[in-house]
1. Please identify the pairs in which a residue from the range 157-170 that is within 11 Å of Thr125 (Cα to Cα) has its Cβ atom under 7 Å from the Cβ atom of a residue that is at pLDDT below 90 and surrounded by 10 or more Cβ atoms within 10 Å (Cβ to Cβ), counting only partners at least 6 apart or on another chain.
2. Can you name the residue in the range 32-43 that is open to solvent by less than 60 Å² (accessible area, probe 1.4 Å) and within 12 Å of Ala98 (Cα to Cα) and, of all such residues, is nearest to the chain's Cα centre (by Cα)?
3. Are there any strands (runs of 3 or more DSSP E) wholly within the range 46-135 with 1 or more residues that are free of Cβ contacts under 8 Å to residues at least 40 places away in the same chain, and if so which?
4. Within the range 138-173, track down each residue that is among the β-branched types (Val, Ile, Thr) and in a helix (DSSP H, G or I).
5. Restricting to the range 74-95, give me the number of residues that are over 12 Å from the mean Cα position of the chain (by Cα) and at pLDDT 90 or above.
6. In the list Phe22, Phe27, which residue meets the criterion of being open to solvent by less than 60 Å² (accessible area, probe 1.4 Å), of a type in the set (Phe, Trp, Tyr) and farther than 20 Å from Asp110 by Cβ?
7. Which of the following residues is modelled with pLDDT of 90 or more, more than 23 Å from Pro13 (Cα to Cα) and not charged (D, E, K, R): Gly164, Gly108?
8. For the range 119-173, give me each residue that is among the aliphatic types (A, V, I, L, M) and exposed (fewer than 11 other Cβ atoms within 10 Å of the Cβ).
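The values are calculated or read from the model by the stated rules, or taken from the named source; none is laboratory data. Here the structure is a predicted model, which means the values were calculated and not measured. Note that we place each Cβ from the backbone using ideal geometry, even for glycine, and neighbour counts take in every protein chain shown. Ligands, DNA and RNA are excluded from the accessible area calculation, which covers all protein heavy atoms including side chains. Shrake-Rupley method; radii C 1.70, N 1.55, O 1.52, S 1.80 Å.
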Amino acid sequence: VGTDYRKGRNVSPEQFEETFGFRGVQFGNWLNNVERQIALNDAYDAFMDLATALKISPKALSLAGELGIAFGARGGGAASAHYEPEQIVINLTKTKGAGSLAHEWWHGLDNYFSRKRGEKDKYLTQKPRQYVHIEGKEVSPDETIRQEMIDAFNDIVDVIEKSGLSKRSEELD
């Protein structure tokens, strides 16, 4: 039981978009109206929890208004949820999406910073280092991403690599 951000009321798609600044909210055809409302309320609460935990504005979660969210609308199968870098959208499945929102948002954030470099379908964690501009004999740092963010992503990659996660995941696969 968490904070009652909605004061016991249902949130509308318009309120959802206004609170977080997402560019759109999409529902799949096989979610009835009751399921749509439950999904929207749960995602609203989860995003508010995420904003609170990260100590950022709820609007910042939309990644400058570029991120969209879909509920049971974009594929199916074994995945609980997925992030689509080419469409810049998080999809939470109807049956297994709950609990995956923060994980998929992280993929969106990782991709957001990569797109700032002009690499649309990649992730900053793939190359968490400062780029440089070379013009003639002049070399200057590429400041499209602040050094503090690159350092933070670098730290995350280092911790993951040292944790043995890749090896454990490989064994599980």
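1. Taking only residues 6 or more apart or on different chains, the pairs are Val157/Pro128.
2. Applying the filter and picking the extreme gives Ala43.
3. Ranges flagged: 81-84, 89-92, 132-135.
4. Hits for the range 138-173 are Ile150, Ile156, Val157, Val159, Ile160.
5. The qualifying residues number 2.
6. Values: Phe22 fails: farther than 20 Å from Asp110 by Cβ.
Unique residue meeting the criteria: Phe27.
7. Within the list Gly164, Gly108, the selection yields Gly164.
8. Scanning the range 119-173 gives Val132, Ile134, Val139, Val159, Leu172.
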